[in-house]
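Visitor: Pasting in a structure now, in structure tokens, and then I'll have a few things to ask.
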Amino acid sequence: MRRIAAMSKSFPPVDNPVLSVSALNRRVRDCLEAGFPLAWIAGEISNLTQAASGHVYFSLKDAQAQVRCVMWRNRAQLLGWRLENGQKVEARALVSFYEPRGEFQLNVEGIRRAGQGDLFERFLQLKAKLESEGLFSPARKRPLPPFPHSLAIVTSPQAAALRDVLSALHRRAPYLRLTLYPTAVQGEGAGERIAAALACASTGPHDLVILCRGGGSIEDLWSFNEEIVARAIAACTVPVISGVGHETDFTIADFVADLRATTPTAAAELAAPDRDTLLGRLDDGRHRLERASERLLATRRQQLDLLAARLLHPAQRLQQQGRELRALGDALHFAGERLLARRRERLSNALRGLQAQRPQAGRQRTPLAELGHRLQNALERQMAGKKMQLNTQATSLKQLDPLAVLNRGYAIAVTAEGRTVRTAQQLRNGDALRLAFAHGGAHVTVNAVENEKSSAEVAAAREAQ
């Protein structure tokens with residue numbers, strides 16, 4: 001019984017849940033990501049793998065431990081340099097936990113070379129500042145002169161880069177006038193000296209400036225990452241080529257310069273065209289010009305031969321034109337005769353037609369006299385009929401003449417508005433009327449209006465009148 005009681009005490013309470021492996025790993029991941037903020041971790045790269053997807057897998061190790069790391073493709077594309085095994089780096093990472101395998105790992109956000117942390121941060125800050133001001137804009141960069149005559153070189157007289165630049169320029173363009181503006185390119189105060197040398201070169205009679213230095217660490221090249229040098233390059237009045245370091249080295253001066261060269265030798269090659277190439281181009285142009293001149297002369301000779309064949313002596317030309325003039329005169333004479341003959345024939349035809357249409361006065365007199373008598377009789381009959389119609393209409397007009405009615409003792413009553421009074425119903429007591437008689441008129445006032453009388457009364461009234 002004691003053994004059973006002891007065993008029961010070793011088991012957890014019944015209400016304590018049992019976790020699955022995935023749930024456990026998820027809780028571990030949440031605890032790690034919540035407990036460790038984004039931090040910088042230093043170590044050496046090992047077991048580096050570049051996946052086909054673009055993701056990068058590696059380990060960071062030191063003398064006592066190592067940790068698995070992953071850098072996703074979108075972050076790896078922004079790195080700007082190639083990761084290799086054995087490199088000392090500082091990774092900015094977030095502590096995480098890969099649940100499917102139960103492995104502790106780091107999700108890397110960014111990587112920098114070890115020992116360069118502060119300098120690299122200063123580099124990025126200055127780069128962002130100058131880029132926001134537009135000093136890196138392609139719009140402000142000037143094209144290089146195609147055939148410079150005077151070239152300024154800003155570098156250290158003891159630098160191996162100077163020998164490389166001079167050797168390349170002597171080989172490619174020995175005709176160039178070179179001016180060295182010596183300056184320190186490394187160490188304390190080198191940035192101010194480089195800026196002063198650039199300012200002096202900007203005031204000289206130069207077509208182009210080369211700013212160069214050999215390769216080195218970020219500390220060695222730091223003078224070319226200083227703001228004073230960047231602003232001196234931007235203020236230079238002539239184009240500037242930056243040939244600082246090796247192909248993998250990038251400085252602020254490279255971004256501000258009008259053109260970046262991968263090496264000092266490449267800067268010299270970009271600054272001046274190759275003399276042998278130019279001479280070859282000149283020879284090709286001379287040969288093309290000679291061939292074009294020969295073709296032009298041959299064409300002009302053929303044209304001259306054709307024109308000479310067409311050229312005639314003035315006497316021959318006059319004889320030829322005389323023959324052409326006589327031929328034209330004969331043709332004109334024959335054409336005039338033919339035209340005159342046609343016009344004569346048309347005139348004869350017109351005269352014959354006119355003669356046929358000419359009236360015969362003797363034969364037309366008798367019909368004309370008969371027509372005159374008929375016209376006279378018709379006019380007399382028509383005049384008699386019109387007189388009879390006129391008399392009839394005059395008689396009718398006399399019967400309708402209102403003056404004739406007035407002469408028989410009638411009068412016309414007109415209101416003040418000018419309307420003729422036809423019935424007693426148009427009148428009211430006190431209306432003013434004008435009476436028109438056959439001779440003269442009178443103005444009267446209505447005293448009483450009588451109703452319409454019967455026909456007997458009207459007849460009696462007429463008899464009384």
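Visitor: Where the second residue is in a helix (DSSP H, G or I) and the first is open to solvent by less than 100 Å² (accessible area, probe 1.4 Å) and lies in the range 363-392, which pairs have Cβ atoms under 7 Å and are six or more apart or on separate chains?
Guide: So the pair list comes out empty.
Visitor: Of the residues LEU270, LEU279, which is within 30 Å of PRO146 (Cα to Cα), assigned to a helix (DSSP H, G or I) and in contact (Cβ under 8 Å) with a residue 60 or more places away in the chain? Step through it out loud before you land on a result.
Guide: Numbers: LEU279 fails: in contact (Cβ under 8 Å) with a residue 60 or more places away in the chain.
Unique residue meeting the criteria: LEU270.
Visitor: Can you tell me which residues in the range 104-119 are surrounded by fewer than 16 Cβ atoms within 10 Å (Cβ to Cβ) and touching a residue at least 40 places away in the same chain (Cβ under 8 Å)?
Guide: Correct list: PHE104, GLU109, ARG113, ALA114, GLY117.
Visitor: Now for a separate question. When the residues of the range 230-284 are filtered to those that are open to solvent by 30 Å² or more (accessible area, probe 1.4 Å), charged (D, E, K, R) and modelled with pLDDT of 85 or more, which remaining residue is nearest to GLU192 (Cα to Cα)?
Guide: If we take residues in the range 230-284 being open to solvent by 30 Å² or more (accessible area, probe 1.4 Å), charged (D, E, K, R) and modelled with pLDDT of 85 or more, then ARG231 is nearest to GLU192 (Cα to Cα).
Visitor: Answer with yes or no whether LEU400 is exposed (fewer than 10 other Cβ atoms within 10 Å of the Cβ), at pLDDT below 80 and among the aliphatic types (A, V, I, L, M). Quick ask: steps written out before the conclusion?
Guide: Details: exposed (fewer than 10 other Cβ atoms within 10 Å of the Cβ): yes; at pLDDT below 80: yes; among the aliphatic types (A, V, I, L, M): yes.
Yes.
Visitor: Does the range 305-326 hold any residues that are surrounded by fewer than 10 Cβ atoms within 10 Å (Cβ to Cβ), over 60 Å from the mean Cα position of the chain (by Cα) and small (Gly, Ala, Ser), and which are they?
Guide: Across the range 305-326, the qualifying residue is only ALA315.
Visitor: Out of ARG163, ARG101, I need the residue that is open to solvent by 90 Å² or more (accessible area, probe 1.4 Å), basic (Lys, Arg) and over 25 Å from GLU247 (Cβ atoms). Which one? Explain how you work it out, then say what you get.
Guide: Details: ARG163 fails: over 25 Å from GLU247 (Cβ atoms).
The unique qualifying residue is ARG101.
Visitor: A further question follows. Looking at the range 391-401, is at least one residue out of contact with any Asp or Glu (no Cβ under 7 Å at 6 or more places or on another chain), within 30 Å of ALA432 (Cβ to Cβ) and either part of a helix (DSSP H, G or I) or of a type in the set (Ser, Thr, Tyr) (or both)?
Guide: Yes, the range 391-401 has at least one match.
Visitor: What are the residues in the range 177-213 that are modelled with pLDDT of 90 or more, acidic (Asp, Glu) and over 17 Å from ARG142 (Cα atoms), if any?
Guide: Correct list: GLU192 only.
Visitor: Could you look through the range 129-143, keep only residues that are open to solvent by less than 50 Å² (accessible area, probe 1.4 Å) and aliphatic (A, V, I, L, M), and pick out the one that is nearest to THR237 (Cα to Cα)?
Guide: Filtering first and then ranking leaves LEU135.
Visitor: Sticking with this structure for a sec: Contact list please: Cβ distance under 6 Å, first residue in the range 24-41 and closer than 20 Å to ALA91 by Cβ, second residue open to solvent by 90 Å² or more (accessible area, probe 1.4 Å), pairs at least six apart or on different chains.
Guide: These pairs meet every condition: TRP40/ARG92.
Visitor: Considering every residue within the range 159-168, establish whether at least one is acidic (Asp, Glu) and under 15 Å from THR265 (Cα atoms). Step through it out loud before you land on a result.
Guide: As a first pass, look at the range 159-168 and keep what is acidic (Asp, Glu): 164.
Then keep just the ones that are under 15 Å from THR265 (Cα atoms); that gives 164.
Taking every residue of the range 159-168 in turn, at least one turns out to be acidic (Asp, Glu) and under 15 Å from THR265 (Cα atoms).
Visitor: Then there is this: I need the full set of residues from the range 44-91 which are charged (D, E, K, R), open to solvent by less than 80 Å² (accessible area, probe 1.4 Å) and over 12 Å from GLY110 (Cα atoms), in order please. First the steps, then the outcome.
Guide: The initial filter retains those residues of the range 44-91 that are charged (D, E, K, R), namely 44, 61-62, 68, 73, 75, 82, 84, 88, 90.
Applying the additional criterion that residues be open to solvent by less than 80 Å² (accessible area, probe 1.4 Å) yields 44, 61, 90.
Those that are charged (D, E, K, R), open to solvent by less than 80 Å² (accessible area, probe 1.4 Å) and over 12 Å from GLY110 (Cα atoms): GLU44, LYS61.
Visitor: Right, something else. Going through the range 317-358 one residue at a time, which ones are modelled with pLDDT under 80 and of a type outside the set (D, E, K, R)?
Guide: Answer for the range 317-358, where residues must be modelled with pLDDT under 80 and of a type outside the set (D, E, K, R): GLN355, ALA356, GLN357.
Visitor: Being β-branched (Val, Ile, Thr) and either in a helix (DSSP H, G or I) or open to solvent by 50 Å² or more (accessible area, probe 1.4 Å) (or both) is the filter here, so list the residues in the range 179-229 that pass it. Talk me through it step by step, then tell me what you get.
Guide: The first filter runs over the range 179-229 and keeps only residues β-branched (Val, Ile, Thr), leaving 179, 183, 185, 194, 203, 209-210, 218, 228-229.
Residues satisfying the conditions are ILE194, THR203, ILE228, VAL229.
Visitor: Looking only at the range 226-242, count how many residues are of a type in the set (Lys, Arg) and either touching a Ser or Thr at 6+ places or on another chain (Cβ under 6 Å) or on the phi > 0 side of the Ramachandran plot (or both). Don't jump to the end; show me each part of the working.
Guide: Taking the range 226-242 first, the residues of a type in the set (Lys, Arg) are 231.
Pick out the ones that are also either touching a Ser or Thr at 6+ places or on another chain (Cβ under 6 Å) or on the phi > 0 side of the Ramachandran plot (or both) and you get none.
Residues flagged as of a type in the set (Lys, Arg) and either touching a Ser or Thr at 6+ places or on another chain (Cβ under 6 Å) or on the phi > 0 side of the Ramachandran plot (or both) within the range 226-242 amount to 0.
Visitor: Considering only residues that are loosely packed, with under 10 Cβ neighbours inside 10 Å and basic (Lys, Arg), which ones fall in the range 403-422?
Guide: Result: ARG408, ARG422.
Visitor: May I ask you to say which residue of ARG358, ARG346 is out of contact with any helix residue (DSSP H, G or I) (no Cβ under 9 Å at 6 or more places or on another chain), free of Cβ contacts under 8 Å to residues at least 60 places away in the same chain and in a helix (DSSP H, G or I)?
Guide: On the way: ARG358 fails: in a helix (DSSP H, G or I).
After ruling out the rest, the residue left standing is ARG346.
The values are calculated or read from the model by the stated rules, or taken from the named source; none is laboratory data. Note that the coordinates shown come from a computational prediction; the quantities given were computed from them, not determined experimentally. Cβ coordinates were reconstructed from backbone atoms using ideal geometry, including for glycine residues, and neighbour counts include every protein chain displayed. Heads up: the accessible areas ignore ligands, DNA and RNA and are worked out on the full protein's heavy atoms, side chains in. Shrake-Rupley method; radii C 1.70, N 1.55, O 1.52, S 1.80 Å.
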